[in-house]
Every structure is written in C-alpha cells, then in structure tokens.
Amino acid sequence: MIQYPHINPIAFQIGPLKVHWYGIMYLLAFVTAWLLAVWRARKPRSGWTSDQVGDLILYAALGVLIGGRLGYMLFYALPDFIHNPLIVFRVWDGGMSFHGGLLGVLFALWLFSRKVKKSVWGVTDFIVPMVPIGLGLGRLGNFINGELWGRVTHVPWAMIFPKAGLLPRHPSQLYEFLLEGVTLFIILWWFSAKPRPRFAVSALFLLGYGCFRFFCEFFRQPDPQLGFLAFGWVTMGQILSAPMIIVGAFCLWWIYSRKSVTKSTRLDP
C-alpha cells in the first residue's frame, strides 16, 4: 500500500489569484498540442498553415471548455443543473466531462472547417493524434487534486486518498493517464504518421479511447450522485464510451473493406 503524496493543488498564488495545477495541465496540453500540430503542418503537402493551426487550437479549446462543462452538468449533475442553471459557471467547484468535451469539440471543428473550407473529417484526422496529450495531463490534474479515485482494493500499489476515507484504493487516475494518455498517443501518432483513408485516424481514436475508458471504469469509483446504473457494475462512463467503441470499430471495418482506399486527409484535408 502506498500513501497518497499530499500535493498542494495550488501551484502558486499571486495576491488573491490562485493558480491551480489542474489549470496548468490544461494550458500545457493546449500549448503542446499546438507545437506538435505546427510541426506536422510544416511538412510538405500537409495542406495546413501555422495560422490555421493556431485558429484550430483556439476553436478546439473553446469546444473542450464549453462542451466539457455543459456535458458534466447534463450527464452527471442534471438535477442540480435544472434546479440552478447558473452553477454551470461555477467552474472552480470542478466538474468536466470528456464526452461532453468531445461533442463540444466536434461542433467547434465543424464551424472551423466551414470557415477554412476543409473537410470536417480531414480536420478531425489532423487534430485527434494530439488529443491524448490533453487527456493524459487532465488525469494527472485529477490525481494532484486527489479526486476521481478508484475503487477499494488491496493491490500492492493501492493508495489512501485523504478525501476518500481510510480504505486503500486503485489510483485509477494514473491508469487512465497511462492508457488514455500515453498509450493512445503512441498508437495514434504512429498510425497517423503515414497516409490513411479519410476518417480512419478519427475512427481509431474513437475505438481506442472508448476501449481504454470502458476498461478503466472497472477500477474507478463511480460518481456518488449516480453510482452503478445497470447490472450492479455498469457506470455512466461505460454507457457513454460504448457508442464510441461501436462507431469506431464499424467505421474502421467499413473504411478498410472498400475496394478502393483513398489517401489520408492528413495529407489531403
């Protein structure tokens, strides 16, 4: 058993302004994604400019923040949201949903694609290899905050989280960091390094994230306001991830079962 390393969630403070590690993780994720996207945009025949990448990251960031917050309210705190819709602005209380952020980003990328006259699926193929960076850093932020801990366990690496009582638990935030962040990034970065059919990279992201999230939910403590939703083990995270797995797997099958496969929109947006 490992004692949780008591980390101050506030990185530093300037007067009344408190800068949290969680916010720094978001900033670091966007900056890293921007740098990697610019690097890829500078490759021959990429079809992208540095200015377009900057606008793309801005659109995606707004989609993540707005969609993530609204998604959390709708998926995980709907009664509170209905009772007091203004709590959506209380971001300091925490509460972001990946699946809501995904929908927000898709809408933002659709708007961006119309602005720059690119295929929306070409845009998603270009950006999704960078998404696991934000997912992984976000899970590190959850770990630093001592939130979204795992279920009770007695594995040697179990941790006692101060906010979760005295029982040892899975450090599920780190599981998600390794799978949804590091592993998924390696898979997508390798897969997208060569020309692929349009939407293949995006479909692999849906499949990969959906599978990793569905698996990690077996170790993560469900949200207390929801608990288990079916059969005594199904969580909201699994319900929201299942369609991603189905759509991603079907699209990959359909794309590669066609007789003629066009080149990737990573090179032809």
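The values are calculated or read from the model by the stated rules, or taken from the named source; none is laboratory data. Predicted model, so just to flag it, every value in this text is computed and none were measured. Don't worry about glycine lacking a Cβ; one is built from the backbone with ideal geometry, like all the others, and counts go over all protein chains shown.
Could you say whether any residue in segment 169-178 is touching a strand residue (DSSP E or B) at 6+ places or on another chain (Cβ under 7 Å), over 19 Å from S241 (Cα atoms) and either outside any loop (DSSP other than H, G, I, E, B) or modelled with pLDDT under 95 (or both)? Yes - at least one qualifying residue is present in segment 169-178. Going through (1) under 15 Å from the mean Cα position of the chain (by Cα); (2) buried (at least 23 other Cβ atoms within 10 Å of the Cβ); (3) farther than 17 Å from W21 by Cα; (4) not polar (S, T, N, Q) one by one, Y175 falls short only on (2).
In the set (1) under 30 Å from M159 (Cβ atoms); (2) in contact with a Gly (Cβ under 9 Å, 6 or more places away or on another chain), the condition left unmet by W34 is number (1). For beta carbons closer than 8 Å, sequence separation of 6+ or different chains, a first residue in segment 108-120 that is in contact (Cβ under 8 Å) with a residue 40 or more places away in the chain and a second that is surrounded by fewer than 18 Cβ atoms within 10 Å (Cβ to Cβ) and in a helix (DSSP H, G or I), the qualifying pairs are A108/L62; F112/D55; K115/D55; V116/D55. If you go through segment 146-168 and keep only what is under 27 Å from A29 (Cα atoms), surrounded by 17 or more Cβ atoms within 10 Å (Cβ to Cβ) and either without any contact (Cβ under 8 Å) to a residue 40 or more places away in the chain or touching a strand residue (DSSP E or B) at 6+ places or on another chain (Cβ under 9 Å) (or both), you end up with L148, W149, G150, M159, F161.
Note on segment 18-58: residues that are assigned to a helix (DSSP H, G or I) and farther than 26 Å from W190 by Cβ total 8.
Can you tell me which residue among L111, L70, L86, L103 is more than 23 Å from A193 (Cα to Cα), part of a helix (DSSP H, G or I), over 17 Å from the mean Cα position of the chain (by Cα) and at pLDDT below 95?
L86
Per the listing L240, L229, the residue uniquely closer than 23 Å to Y175 by Cα, at pLDDT below 90, surrounded by 13 or more Cβ atoms within 10 Å (Cβ to Cβ) and not aromatic (F, W, Y) is L229. Residues in segment 103-117 that are under 9 Å from G67 (Cα atoms) and surrounded by 21 or more Cβ atoms within 10 Å (Cβ to Cβ): G104, V105. Just so you know, in segment 64-98 the residues that are within 25 Å of V128 (Cα to Cα) and either among the acidic types (D, E) or touching a Phe, Trp or Tyr at 6+ places or on another chain (Cβ under 6 Å) (or both) include one that is surrounded by the most Cβ atoms within 10 Å (Cβ to Cβ), and it is S97.
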